[in-house]
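Here the structure is laid out as structure tokens; the discussion comes afterwards.
Values in this text are rule-based calculations from the coordinates and carry no lab data. Just so you know, these numbers come straight off a predicted model, no measurement behind them. Every residue, glycine as well, gets a Cβ built from its backbone with ideal geometry; the counts of neighbours run over all protein chains shown.
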Amino acid sequence: MHELSIALSILDVAAEAAECQGGGRVTAIHLRLGPLSGVVKDALRAAYDLAREDSDMPAAELIVEEVLLVAYCPTCAVERTLPSPQELYCPACGTATPDVFRGRELEVVALEIES
């Protein structure tokens, strides 16, 4: 389960960022997660709950924003939201859409810190 190492890395990033901001208690970590990130959201949540127990942030909540899968359709010449990672084709015209613009994200985007 590689989600545990990812959860530990998320906690490390949060601790380092909080320290750079002058310290304080991290109460929440905001994460953006795309369907092509290679991370299963529920497995990450379970791993995060386990990892934070032995960290300096045992009460820090993980808030996950799921990112839509968006690709460029060369036939329609527009960005399209795709229904799933298994269906990498334009839902309007059926053209293959290999140019994925969003959906690979796995990034910490914000922290909530109490002084």
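Observations on the model:
- Note that the range 41-58 has calculated 3J(HN,Hα) couplings of 4, 5, 5, 5, 4, 5, 5, 5, 4, 5, 5, 6, 4, 9, 10, 7, 10, x Hz, one per residue in order, obtained from phi through the Karplus relation 6.51 cos²θ - 1.76 cosθ + 1.60 (θ = phi - 60°); glycine and proline are x.
- Rounded to whole numbers, the Karplus 3J(HN,Hα) couplings from phi for the range 11-22 are 5, 5, 4, 5, 5, 5, 5, 5, 5, 5, 8, x Hz, using 6.51 cos²θ - 1.76 cosθ + 1.60 with θ = phi - 60°, and x at Gly and Pro.
- The local environment of Val67, defined by Cβ-Cβ distances under 10 Å, has a net charge of -1 under the rule Lys, Arg +1 and Asp, Glu -1.
- Under the criterion of Cα pairs below 8 Å and six or more residues apart, the relative contact order for the chain equals 36 percent.
- Selection from Met57, Cys76, Leu8 lying farthest towards where the dipole of the range 7-114 points positive, charges on Cβ: Cys76
- DSSP bridge pairs, the range 1-91: antiparallel proportion in percent, nearest 5: 40 percent
- Summing +1 for each Lys or Arg and -1 for each Asp or Glu among the other residues whose beta-carbon sits under 14 angstrom from that of Gly94 gives 0.
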